[in-house]
Amino acid sequence: MIIGDAHLAPDASSATAAIVIVAAGEGTRLGYGMPKAYVPLAGRPLLLWALDGVAGADSVFEVVIVAPSDLVERTRSMVASVAPNAVVVAGGPSRQGSVTLGLAEVTADIDTVLVHDAARALTPPALHDAVVAAVARSGHGIVPGVPVTDTIKSVVDSHVESTVDRSRLSAVQTPQGFPRRALVEAYAAVTGETTDDASVFHAAGGVVEIIEGDARAAKITTRDDLVRAEASLAGGGLRTGVGIDVHAFESEAGGRPLRLAGLEWPGERALDGHSDGDAVAHAVCDALLSAAGLGDIGTSFGVDDPRYQGAGGDVFVRGAVELLRDAGWAPTNVAVQIVGNRPRFAARRTEAEAVMNAMVGAPVSLAATTTDGLGFTGRGEGITVIATALIRSASRAAR
């Protein structure tokens with residue numbers, strides 16, 4: 001898959017390297033009651049942010065994601081819009097076991113493999129490329145690291161034993177890169193638990209080099225880490241927008257079918273409009289354009305342009321996403337509230353969300369409510385839809 005200047009292998013033959021993303025950690029210190037890779041950062045799971053860094057690299061990656069065993073199918077669905085060809089496998093009881101299972105899925109003729117923690121969600125694409133290049137140059141294990149700036153003490157029973165020479169220390173990060181075959185052999189030979197892949201490789205006799213890391217590759221482990229990551233993104237990298245669309249039902253049933261949230265609703269009166277009247281799609285379009293400062297659906301597509309007579313809502317949503325991309329923005333997620341008595345939405349909510357996710361290329365959550373008989377929606381005369389969109393700087397994510 002190619003997204004702008006982003007590269008993920010459409011098939012194994014086109015990949016120049018592989019990356020195993022470990023996303024099976026419990027994340028208990030974050031306190032969200034879910035595995036760490038699925039905790040939201042700016043409304044979007046950490047795993048998807050990590051995939052942005054991979055997709056933005058110049059290297060063409062075969063992607064393997066190691067997920068909790070009970071979340072494999074959910075993970076496949078979640079990453080489909082970002083990495084549709086990713087292989088998702090269940091992890092093991094430990095990080096080493098999970099990496100071993102991920103390595104087993106890497107195509108045998110790929111020479112270079114990176115192992116990356118999904119918790120280092122904002123790792124920039126350039127760091128992935130730097131690790132791939134260093135492995136190819138040296139044939140060694142390559143680990144990004146940053147200098148230790150704090151004074152470090154060796155402590156025994158709460159008493160300082162000595163001051164450690166920090167000039168000899170490096171705080172290491174991921175992705176860590178290796179010749180694939182040598183890493184597979186190292187994992188087959190390892191005994192005991194280690195905290196990173198370089199330790200496994202080094203224990204098996206491999207040479208490990210440190211290259212310059214990046215502060216943005218910091219690991220998100222606690223809620224404070226998450227707050228810092230949110231602040232980093234908010235520094236010019238995130239925007240929100242709101243869209244509202246109101247349509248009356250056509251006066252008589254039996255003509256056009258109702259179109260709402262990209263679905264047809266048999267037996268329901270259609271919404272009146274120049275296009276197909278899909279108020280959900282139109283509100284989402286307005287929210288995306290609003291967030292990017294690009295006006296609204298009328299500004300971009302016109303209110304009575306004959307080209308859009310009867311057009312489906314996906315035309316406007318996909319068009320809005322393309323306008324965002326041209327302006328240097330990408331959708332992060334959209335929340336939608338439908339207000340009206342009909343149609344009965346709950347039974348098809350999951351189906352509608354899947355359709356809208358595909359249109360936007362990012363998660364869309366849908367909910368519906370009534371006004372307890374008040375107003376024109378309460379009288380069954382039409383539908384109101386309110387959408388809120390979060391977008392991110394595409395150029396920021398790709399560097």
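When residues in segment 131-150 are screened for being farther than 17 Å from P179 by Cβ and out of contact with any strand residue (DSSP E or B) (no Cβ under 8 Å at 6 or more places or on another chain), 2 of them pass. In summary, helices (runs of 4 or more DSSP H) completely within segment 59-155 and bearing 3 or more residues that are closer than 25 Å to D214 by Cβ occur at 95-103, 125-138.
Identify all residues within segment 269-295 that are at positive phi and buried (at least 22 other Cβ atoms within 10 Å of the Cβ); write none if there are none. Selection gives G277 alone. Cβ-Cβ contacts under 9 Å between residues 6 or more apart (or on different chains), taken from a first residue in segment 156-177 that is in the same structural domain as S199 (by TED's automatic domain parsing) and touching a residue at least 60 places away in the same chain (Cβ under 8 Å) to a second residue that is among the aromatic types (F, W, Y) and surrounded by 10 or more Cβ atoms within 10 Å (Cβ to Cβ), are listed as Q176/F201. Just one of (1) closer than 15 Å to F61 by Cα; (2) polar (S, T, N, Q); (3) surrounded by 24 or more Cβ atoms within 10 Å (Cβ to Cβ) fails for Q173. It is (1). Please tell me if G43 is in contact with a strand residue (DSSP E or B) (Cβ under 8 Å, 6 or more places away or on another chain) and at pLDDT below 95. Considered against the rule, which asks whether it is in contact with a strand residue (DSSP E or B) (Cβ under 8 Å, 6 or more places away or on another chain) and at pLDDT below 95, G43 comes out as yes.
Going by the conditions given, is G43 in contact with a Pro (Cβ under 9 Å, 6 or more places away or on another chain), surrounded by fewer than 20 Cβ atoms within 10 Å (Cβ to Cβ), closer than 23 Å to T222 by Cα and small (G, A, S)? So G43 fits the description; yes. Within segment 215-227, the set of residues being over 11 Å from A42 (Cα atoms) and surrounded by 14 or more Cβ atoms within 10 Å (Cβ to Cβ) comprises R216, A217, A218, K219, I220, T221, D225. Of all positions in segment 275-295, at least one carries a residue that is farther than 30 Å from A42 by Cβ and either touching a residue at least 40 places away in the same chain (Cβ under 8 Å) or in contact with a Gly (Cβ under 6 Å, 6 or more places away or on another chain) (or both).
Scanning segment 260-282 for residues that are closer than 19 Å to V334 by Cα and either under 26 Å from the mean Cα position of the chain (by Cα) or assigned to a strand (DSSP E or B) (or both) yields L260, A261, G262, L263, V280, A281, H282. Counting the residues of segment 27-41 that are outside any loop (DSSP other than H, G, I, E, B) and of a type in the set (F, W, Y) gives 1.
The values are calculated or read from the model by the stated rules, or taken from the named source; none is laboratory data. Predicted, not measured: the structure shown is a model, and the values here were computed from it. Every residue, glycine as well, gets a Cβ built from its backbone with ideal geometry; the counts of neighbours run over all protein chains shown.
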